[in-house]
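Here is the structure we will look at, set down as structure tokens.
No lab work stands behind these numbers, since they all come straight from the coordinates. The shown structure was predicted, so the numbers you read here are calculated from the model rather than taken from an experiment. So basically every Cβ, Gly included, is an ideal-geometry build from the backbone, and we count neighbours across all protein chains shown.
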Amino acid sequence: MTESRKLRVAVVGVGYLGRHHARILAGLSGVDLVAVVDVNSDRAKTVAFETGSRPETDTAALLRDVDAVTLAVPTDVHAQIALPFLRQGVAVLVEKPIATSLDQADSMIDAAMKSGALLAVGHTERYNPAVTAALPLLTDPRFIEVHRLAAFQPRSLDLDVVFDVMIHDLDVVLALVHAEPLAIEAVGVPVVSDRIDIANARIRFDNGCIANITASRISRERVRKIRFFQRDSYLSIDCASQQLEAWRVVRRQGLESSIEGGSVEVSNGEPLECELRDFVRAVQTRGRPLVDGHDGRRALALAQKVADAISSTGDRGERG
């Protein structure tokens, strides 16, 4: 796409996360941030002023003015807002989770396929440079240990922690294990909200790999770590600090085995910027985004199975 024909993009929802979408997109070369949309007109005006775009309160005004949109709105309106754009052939990046139900996800995927529109899902952790750096070192993980602990924030409380927080790691694990979930054991507890605030899932895949995933949004400290164990090697990712360690057993004939390794070089960067750059690239080249609608649906399906497993133990999240 030439400089005279920049990619016309709008951001829908400029609250906590959408404001960062607008900031990043406004600074990308080859992109024209046409507008920002928010039901709060004052907020739309503020972010529009900050990014040199126009404020809107209704997405209908944009349908013929943009090539792509990013959605950072509540999950329960993802499909409602995305579908008119997708049917019009406008590319859509929707923040995770893709939707509140698999039926909604399917409707979005179907609309994108029929019109030829690109549909991407913002599973930001997949764009974390430390995760990217670990990919070439992962061959056949046998056991995965994940801890994603966050302090309480009075937002996204319309979702269980499984869909709000754990789904990041469910997506990463699905992308790296290359196998299908076979059995799930899970437990969850509502602590400070009427939804599940802390949860643990043990997932066994059909290739024998087991993932033990803990997610919390009520912790005193912030932890985002993933550890992979495979034959003769161990990898540890600190997603928050974007650090990676890799250790391996070195076997030498006639000598004692030794353990070698340490820190692996990571080219640090802002995962959200990487996500948005990938989306822009995919739209401009008509390529595939790193995380497309099918990936988003797969993560949602696994999250739903975890939530169902929690319900089957009697921990249903909503207090009676």
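A compact table of results
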| quantity | calculated |
| --- | --- |
| Sequence-separation-based contact order of the chain, relative, with Cα cut under 8 Å and 6+ spacing, percent | 18 |
| Check: the chain dipole with +1 on Lys, Arg Cβ and -1 on Asp, Glu Cβ, in debye | 360 |
| Residue-averaged 222 nm ellipticity for the chain, from DSSP H runs of 4+ at -39500 (n - 2.57), nearest 500 | -9500 deg cm²/dmol |
| Cut-off of 10 Å, at most 14 other beta carbons, DSSP loop: longest stretch of the chain lacking such trypsin sites (Lys or Arg not before Pro) | 65-141 |
| Residue among Ile184, Ile259, Ile226 with the largest mean-square fluctuation in a Gaussian network model of the chain, springs linking Cα atoms under 10 Å | Ile259 |
| Cα Rg, Dmax (largest Cα-Cα span) when computed across segment 85-236, Å | 16.8, 51 |
| Tilt relative to the chain, helix 102-115 - C-alpha long axis, 0 to 90 degrees, to 10 | 60 |
| Spatial separation of Cα centroids for segment 125-187 and segment 253-301, in angstrom | 13 |
| Whole-number D in µm² s⁻¹ for segment 1-132, Kirkwood Cα-pair radius fed into Stokes-Einstein, 37 °C, 0.692 mPa s | 221 |
| Local electrostatic count at Leu290 - Lys and Arg +1, Asp and Glu -1, tallied over other residues with Cβ under 9 Å | -2 |
| Crossing angle, helix 41-51 versus the chain [Cα axis fit, 0-90 degrees, rounded to tens] | 80 |
| Principal axes of segment 21-84: Cα extent on each, largest first, Å | 29, 26, 20 |
| Glu185 paired with Gln88, simple spin-label distance in nm, labels 7 Å along Cα-to-beta-carbon | 5.1 |
| Helix 271-285 vs. the chain, principal-axis angle (Cα, 0 to 90°, nearest 10) | 60 |
| Share of pairwise Cα separations in segment 208-320, more than 20 Å, in percent | 67 |
| Lys pairs, the chain - Cα-Cα below 28 angstrom, 8 or more residues apart or on other chains | 8 |
| Loop-located GluC sites (Glu not before Pro) in segment 190-257, at most 13 other Cβ atoms within 10 Å (DSSP) | Glu221, Glu256 |
| Order of Val31, Val12 under a 10 Å beta carbon neighbour criterion, fewest first | Val31, Val12 |
